[in-house]
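Inspection log for the structure reproduced underneath, given as structure tokens.
The values are calculated or read from the model by the stated rules, or taken from the named source; none is laboratory data. Since the model is a prediction, treat every value here as computed from it, not as a measurement. For neighbour counting, all protein chains shown are included, and Cβ atoms are generated from backbone atoms with ideal geometry for every residue, glycine included. The accessibility values were calculated without ligands, DNA or RNA, using every heavy atom of the protein model including side chains. Shrake-Rupley method; radii C 1.70, N 1.55, O 1.52, S 1.80 Å.
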Amino acid sequence: NTWGYNANGELGIGNKTNQKNPIKVDSISTITKIAAGKYSAYALGDDGNVYSFGYNRYGQLGDGTSSTRTKPVLVTNLKDVVDIAVSSTYQAYALKSDGTVWGWGYSNNGALTNVGGSIPKQLAGVDGEKMQNIASISAGYYSALAITNEGKVLAWGLNGYGQLGNGTTNNSSVPNYVKESAENDFSDALIAEMGRHYSVYAKED
């Protein structure tokens, strides 16, 4: 169910009328996770498909177009998705069951590494490889994080306040390991979350 502001169809109910009470979103069911972006929304089904609706100027709905959608559409070029993360700056990310990370939408400030646009593509990783062996993802403000299977954290995108945790304030479209010190990567990460211009972490201990 959705309710509230609906000028861009972000409630997914087939119109752009604001709603004061919850109303059912038709055409999607068996949803395991939902995420809200800026004027757009996303739903992950138990079948591994991702659905989206709302504002789409930057292709952030991932349906191959830049057309606003007032009803859910299937995100293209994705299957076997186990988690989603959405920013307030028109980017969306998907973690697949094989540990790869895919992104789509507005590619400014390196927020999507070297990809972007209306069709999901696998994000870049370290050393010129594609991003893989990932356990969880989090979206920030033109930036994002991913915990690797070995408990390290990758960060990329906007970094004016040092939110990527790599010892610099330089933006980066190439994922870097978050540093615990100048010599050591952050390790044993259990949870990693991004806010606007900051990051927070919980270790396994």
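Normalised by the number of residues in the stretch 1-139, the mean separation of alpha-carbon contacts (under 8 Å, six or more apart) gives a relative contact order of 18 percent.
Along the stretch 121-133 the Karplus relation, 6.51 cos²θ - 1.76 cosθ + 1.60 evaluated at θ = phi - 60°, assigns HN-Hα couplings of 9, 5, 6, 6, x, 8, 6, x, 8, 7, 5, 7, 6 Hz to successive residues, with x for each Gly and Pro. The Rg/Rh ratio for the stretch 87-205, using Cα coordinates for both the radius of gyration and the Kirkwood hydrodynamic radius, is 0.93. Here r is the Cβ-Cβ distance between Lys71 and Ser97 and R0 is 25 Å; the resulting FRET efficiency, rounded to 0.05, is 0.40.
Please work out the C-alpha center-to-center distance from the stretch 140-205 to the stretch 12-38 and express it in whole Å. With the stretch 140-205 and the stretch 12-38 each reduced to a Cα centre, they are spaced 32 Å. The mean of 1/r over all distinct Cα pairs in the stretch 12-58, once inverted, gives the Kirkwood hydrodynamic radius of 11.7 Å.
Straightening the chain between Ser187 and Thr32 buys 52.9 nm, computed as 0.36 nm per residue apart minus the Cα-Cα spacing.
In the chain, with Lys and Arg counted as +1 and Asp and Glu as -1 at Cβ, which of these residues, Ile28, Leu44, Ser143, has the Cα nearest the positive end of the dipole, that is, farthest along it? So the residue we want is Ile28. Counting only lysines at least 8 places from Lys203 when in the same chain, those with an alpha carbon closer than 20 Å to its own are Lys152, Lys179. Find the Cα radius of gyration of the chain, compare it with 2.2 N^0.38 Å by division, and give the number to two decimals. Cα Rg divided by the expected 2.2 N^0.38 Å: 1.01.
Solvent-accessible area per residue in the stretch 62-176 equals 39 Å², computed with a 1.4 angstrom probe and all protein chains kept. Dividing the convex hull volume of the alpha-carbon atoms in the stretch 159-205 by its residue count gives 75 Å³ per residue. Its residue count N sets the reference 2.2 N^0.38 Å, and the alpha-carbon radius of gyration of the stretch 50-131 equals 1.01 times that reference. Structure note, pairs Lys38/Lys96; Lys71/Lys130; Lys16/Lys38: Cα-Cα distances above 26 angstrom occur for Lys71/Lys130.
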